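Everything below concerns the one structure shown next.
The values are calculated or read from the model by the stated rules, or taken from the named source; none is laboratory data. A quick note: this is a predicted structure, and the numbers were derived from the prediction, not measured. Using ideal geometry, Cβ is built from the backbone for each residue, glycine included, and neighbour counts are taken over all protein chains shown.
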Amino acid sequence: MKFFIDTANLDQIADAQDMGILDGVTTNPSLMAKEGITGGENIINHYKKICELVDGDVSAEVISTDFEGMVREGEALAALNDQIVVKLPMIKDGVKACKYFTDKGIKTNVTLVFSAGQALLAAKAGATYVSPFIGRLDDISTDGLHLIAEIRMIYDNYGFDTQILAASVRHTMHIIDCAKLGADVMTGPLSSIEGLLKHPLTDIGLATFLADYKKGNS
Ligand code: G3P
């Protein structure tokens with residue numbers, strides 16, 4: 001299972017990278033705005049900094065909603081670095097642009113996916129990644145994890161190569177449940193990844209080991 005971090009915060013990206021478990025980064029216009037990164041040139045420079053920090057794939061989202069605009073933006077983003085994955089919205093022109101980039105050998109991430117039908121279309125267009133938003137489904141009393149299971153079954157039925165990138169992950173249990181269901185990738189905040197570290201018996205056990213060592217070596 002690949003671990004992506006879902007943020008545009010450089011410190012948090014560096015922190016996850018330092019741990020040695022990071023496979024990539026996902027961003028979106030809201031995450032960029034949260035870090036105060038606005039305006040075309042600043043956004044481009046920020047993507048460059050992110051690519052310098054990590055080894056893996058970096059999803060960069062287009063703002064255009066028409067095919068020509070998505071192609072123009074996506075090509076400029078992809079030219080920045082081989083790590084860039086062009087992130088496209090799940091709308092008709094987004095599907096068309098996904099097929100265009102697939103045919104050109106450029107990696108894509110189809111985002112804002114909330115149904116199995118949308119995931120099927122993304123796979124048909126050859127998407128590298130599909131991003132079902134599980135947290136936002138949970139927010140409206142719909143089981144986000146059920147969507148991951150549905151997509152897994154459909155992709156396995158037909159051998160689609162598109163990787164299921166569980167997005168809108170909000171907490172540690174989302175990661176564990178996505179792993180059980182066979183999501184290829186998860187993207188979540190640093191806190192959700194660090195939550196995997198925690199167990200009180202680990203803390204108690206370590207404290208005991210250190211205390212016993214101290215007794216024997218004092
Ligand atoms: O990866 C998608 C993500 O950025 C959306 O997360 O928490 O805003 O639903 P959230």
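Quick notes on this one:
- Any hit, the range 205-216, residues being out of contact with any Cys (no Cβ under 9 Å at 6 or more places or on another chain), of a type outside the set (A, V, I, L, M, F, W, C) and within 13 Å of the ligand (Cβ to nearest atom): no
- Residue pairs meeting the criteria (Cβ under 6 Å; at least 6 apart or on separate chains; first closer than 17 Å to F133 by Cα, in the range 24-42; second among the polar types (S, T, N, Q) and within 11 Å of the ligand (Cβ to nearest atom)): T26/S59; T26/T187; L31/T7
- Spans of helices (runs of 4 or more DSSP H) in the range 131-218 with at least 1 residues among the polar types (S, T, N, Q) and touching a Ser or Thr at 6+ places or on another chain (Cβ under 6 Å): 172-181, 190-194
- When the test is whether a residue is farther than 26 Å from C178 by Cα, outside any helix (DSSP H, G or I), hydroxyl-bearing (S, T, Y) and modelled with pLDDT under 95, T38 passes it.
- Residues in the range 84-103 that are in contact with a strand residue (DSSP E or B) (Cβ under 6 Å, 6 or more places away or on another chain) and either surrounded by fewer than 20 Cβ atoms within 10 Å (Cβ to Cβ) or part of a strand (DSSP E or B) (or both): I84, V85, V86, K87, L88, P89.
- In the range 20-64, residue nearest to L77 (Cα to Cα) [restricted to those that are of a type in the set (K, R) and away from the ligand (no atom under 16 Å from the Cβ)]: K48
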